[in-house]
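Worksheet: the structure to be examined is printed underneath.
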Amino acid sequence: MSEQTMLKVERLTKTYRTAGGPLTVLHEVSFVLPAGSSVAVVGPSGSGKTTLLGLCAGLDRPSSGSVTLANEPIGALDEDARALVRNRHVGFVFQNFQLIPTLTALENVLVPVELRGEAGREAEARELLARVGLGERCDHYPVQLSGGEQQRTALARAFINRPKILFCDEPTGNLDGDTAAAMVELIFGLNRERGTTLVLVTHDLELARRCQRIIRLKTGAVVSDQTVAA
Amino acid sequence: MNFIFKMAWRDSRASRRRLALVSLSVVLGIAALVGIGSLGDNLRRTVEQQTKSLLGSDLTVTARKAFPAATLAYFRTVPGEFAREISLTSMVNFPTRGNQRRLVQVRALEGNFPFYGELVTEPADTMAKVRSGNFALLEETILVQFGVQVGDEVRIGQGTFTVAGSLKKIPGESAAVAMFSPRVYLSMASLEATGLLKRQGFMTQRAHFKLPAGTDPAALEKEMREKIKGERLQFATVEERKRDLGQNLKDVYSFLSLVGFIALFLGAVGVASAMHVYVRQKVATVAVLRCLGASARTSFAIYLVQGFFIGVLGAVVGAALGIGVQLLLPTVLKDFLPFQVELFVSWAAVAKGTLAGLVICVLFTLLPLLTVRRVSPLLAIRSAQGENTAPDPLRRWLYAGIAVAVTGFAILQAGRWQVGLGFALMMGLGFGTLAGMALLVTWAAKRFVPRRSLPYTWRQGLANLHRPNNRTVLLLLSLGLGTFLMLTLVLTRSTLLAKITGIGGGSRPNLMFFDIQDDQITRLAALAKANGTPLVAQAPIVTMKLTMLKGRPAEEVLKDPKSGIPGWTLRREYRSSYRGALSDTEKVTAGKFIGRVAPGEARVPVSVEEGLAKDLQIQLGDVLTFDVQGVPVTAYIASLRQVEWQRMQPNFFFVFPDGVLEAAPKTFLAAVHVGSPAESARLQQAVGRELPSISAIDLALILQTFDSIFSKVAFVITFMAAFTVVTGVIVLAGAVLTGRFQRIRETVLLRTLGATRRQLRQIQLVEYTVLGMLAALTGGALAVLGNALLARFLFKTPVVFSPLVLLGSVAAAVVVTVATGLLTNRGVTDHPPLEVLRQET
């Protein structure tokens, strides 16, 4: 794996045991992502997009195959070691925002760095919140923020630990058109500014086309892997 | 580490109300434990002082003759206070009443005896007057019996004295002393003036000691026995008197320890159930933290810190509340209390309660917290696959830890390992039964509830019992254990009060007649009946001495220094009886009671009291020979009996069967129950007129002392039980309240889809009623079993089973469950769904 490679996925398979027998939701998926690139994973519901994202981000273990993230093979790591990798290299933006309801916007943004035991990053967190347009809402709780504001907080949180790779799971899925558009600008803007690798799971083809590459999944397998014309 | 504390603090901000609920259980549990511990120590001291008042001193030494000067001088060197009492038997003559005479005990006191308890006279200052000159203090019954007035003259020996007042009660009297004759007090100088002291043979002298705090009376007794050898002294200490008080005080302390155990366990149940729901609500947050890189240990630590601080806060507030309750309640209730408790804070009890509470609380918090370790970060993106359902090996260790802690606490609380283990095992049985019942209900609700024939709200309510995320296990366990523990207390209270009333209650014999000849017993029975106070007990008495013990002459055993048999058991004259059946104050503990034998039987089957059997080192089948007024009677031990000596009824060390002793010279002992001193005096006067040779002993005063102690005991039991039951009700309500959060989303969803308030209420009513009834019935059944086991093994008394109390309590548990459930859900149905959802997330 070259130094420029951020994510390498090889023959990745995920099978769940169900009452009706084993269910394979991802079948021998392979691809390589260079650092700083952006890729959209698209496909119909049940095609395995979210499962693929979970495996790539180290949220789950594959049944077979391997994932190498920032030069670390994460498939063999235990859950706590994978948590460490996530904390060091990964940022997340979820469809349903996933802010911690008991923390203010600022505190939510600070969680990843505080988890590392780093202090004195409050100014940076405020700056990030200002960058996403929430400079005045630092002390507000998630329940006091609109959906778009919650998602922007989540984006600020994703960037606070200067991630090498950002995973976005339907980041505009719960937002209206205008808010979604503003959110997309922010994601790509920050991605460019900070040289982050971007993995975007979405139904939205318009959004997918803003990435450099589109991987299409169907019933757990890659059916196409195209580079988007600039 | 810093992050863990910071996150624990921040995360708690929005959940303070729910955490307060968790804390409330701990607070009340620990408050009850501390309150009970401290008040228990207070009462122990009060009862201790009361017990001291039975003796009147820390140590009393009795001699059948005057103390030698050297002994008296030594007594005066003992640190603390010393008092001397001389008592002798003499006749008192009432010149104002036609020179009637009565055998009495004449006493004189030097020093401030009694040191504990109060000498009650009428007028109150009579004793001071007696000490000052030629006055006499007479037992109240004599005044009533002979119609003597204060100010009248009485003659004792060569002296004449003015009656200064009547004696109502004096501490330090044992039943045996008061039995022979009523008491008359004079000053020491007056007693000398009577000339009676010259007849030394009839004299008893007592030395009473009040020792400085911290002095062990038993150690002093030992020292005295060594220093004053050969004077045949008798020693009495408070400890011995306490033993005489019997099992009853032990029962109270056992009950108090049971109450403390139950209070804390109730709190623990409350903590576990509230924390369970709290943790379920935190699963999403934990998943996000895991996504952001928090390790399982970090996530777990965040909530453990919360749990620990809830415990610490609960323990501190609980301890303060416990102290407050202990200090405040008796003050508030002082007008209603039958006695005065000198209050102090027992810091040992506070520390013990707080620490035990904290440990149990944290352990029970860990149980639901283990879930946090197993939350997958995948839950943040997909709810279905987030839960790890594989068994957690740590959980088994935790169960083992809880079992050890609960058992350890139970043993610490009970003071005896057998009792503690029994408490813990019963708790385990209760837990297992309720968990089994919960699984059964879940299965049955899924398998048997008809899908079509029932109305929608019924189906929905019943389906709630088995659907994913159901509350069946949680509520059945918490409600069932709560009901079980509370009902055990309620039922045990009845059992224990029945036992105490049986001993200390109002219908026992309290006037006894002695020296009744064969031909007088029928006449006495008729007199008693005519007075409206018929004989309630009578027994023939045959005096005898033990001459042979297991083939060895008693004299030989007495001389054998290695025998280990107390001398008095061989020297004394036994006043034995014969009868065909056991009385209600005794029961056979070994062998078989034989009530009748054919006349002329070579070896007579005899029943012996088990304590004496132990002293004499005899067992079933051993042969004894008695000298029954010149006639040797050979007997073998056919049975051992346990005798409730506290019940002031005719009881005997040896009981012979009918058919052996009838021909022997004998007297009778008979007893009646009198309702008032006047009734007693009337009967005594009638008997004195018609059967003058019969002696009467009024036990009313002695029984009064017992009654006052037992009424205190009854109060303590009721108070403690009531306090803990209130704790239990709050835990029950808390369990229902915490369960509310589990159903809130779907209730709001149903509301959004158009469910009316009535429909929602019906759904909840069905679910809560089924759960409440099952929990209450299972808890009730467990409590009946628990009460039976406690009565049988701990309190050693028949079980008192009151179906009405049980039914009432079970119904109350159901009502509390349903009412709390409906009340707490009212907020959900009264507000717009969105508002509720926003507040609850």
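Please treat every number below as a calculation from the coordinates, not as lab data. Predicted model, so just to flag it, every value in this text is computed and none were measured. In this analysis, Cβ positions are derived from the backbone assuming ideal geometry, glycine residues included, and neighbour counts consider all displayed protein chains.
List of remarks:
- Neighbour-count order for B:Met7, A:Met183, B:Met426, fewest beta carbons within 10 angstrom listed first: B:Met426, A:Met183, B:Met7
- When B:Phe654, B:Phe514 are arranged by Cβ crowding within 10 Å, least crowded first, meaning fewest neighbours, the order is B:Phe514, B:Phe654.
- Efficiency of FRET between B:Leu370 and A:Arg194 - r from beta-carbon atoms, R0 56 angstrom, step 0.05: 0.90
- Of all aspartates and glutamates in the structure, those lying under 19 Å Cα to Cα from A:Lys218, and not within fewer than 8 positions of it along the same chain, are A:Glu10, A:Glu28, A:Asp169, A:Glu170, A:Asp204, A:Glu206.
- In this simple spin-label approximation, A:Asn71 and B:Met91 carry label points 7 Å from Cα along the Cα→Cβ vector, and these lie 12.2 nm apart.
- For the stretch A:1-46, the calculated P(r), taken from all Cα-Cα distances in 10 Å bins from zero up to the bin holding the longest distance, is 21, 41, 27, 11, 1 percent.
- Inter-centroid distance (Cα atoms) of the stretch A:97-155 relative to the stretch A:13-55, Å: 30 Å
- Converting phi to 3J(HN,Hα) with the Karplus coefficients 6.51, -1.76 and 1.60 and the offset θ = phi - 60°, the stretch B:628-637 yields 9, 6, x, 9, x, 10, 8, 9, 10, 7 Hz in sequence order, with x at every glycine or proline.
- Computed over the stretch B:59-210, Cα set: Rg, Dmax in Å: 15.0, 49
- Selection of trypsin sites (Lys or Arg not before Pro), the stretch B:507-591, meeting DSSP coil and at most 16 other Cβ within 10 Å: B:Lys550, B:Lys562, B:Arg572
- Neighbour-count ranking [beta-carbon atoms within 10 angstrom, fewest first] of B:Val130, B:Val359, B:Val279: B:Val359, B:Val279, B:Val130
- Projected label distance in nm at B:Arg13 and B:Ala66, using a 7 Å step from Cα toward the beta-carbon: 9.0 nm
- Its relative contact order, with pairs defined as Cα atoms under 8 Å and 6+ residues apart, puts chain A at 28 percent.
- For B:Lys229, the aspartates and glutamates whose Cα comes closer than 19 Å to its Cα, not counting residues fewer than 8 places off in the same chain, are B:Glu221, B:Asp560.
- FRET E, pair A:Gln212, A:Glu136, Förster distance 35 Å, beta-carbon r, rounded to 0.05: 0.50
- Measuring against 29 Å, Cα to Cα, the residue pairs B:Lys666/B:Lys796; B:Lys65/B:Lys227; B:Lys614/B:Lys796; B:Lys198/B:Lys559 contain B:Lys666/B:Lys796; B:Lys198/B:Lys559 as the ones spanning a longer distance.
- Projecting label points 7 angstrom from Cα along Cα→Cβ for B:Ala590 and B:Gln617 puts them 1.5 nm apart.
- Within the straight-line cut-off of under 14 Å between alpha carbons, the aspartates and glutamates reachable from B:Lys352 are B:Asp41, sequence neighbours fewer than 8 places apart in one chain being disregarded.
- Considering helices alone, the calculated mean residue ellipticity of chain A at 222 nm is -10000 deg cm²/dmol, with DSSP H runs of length four and up weighted by -39500 (n - 2.57) and normalised per residue.
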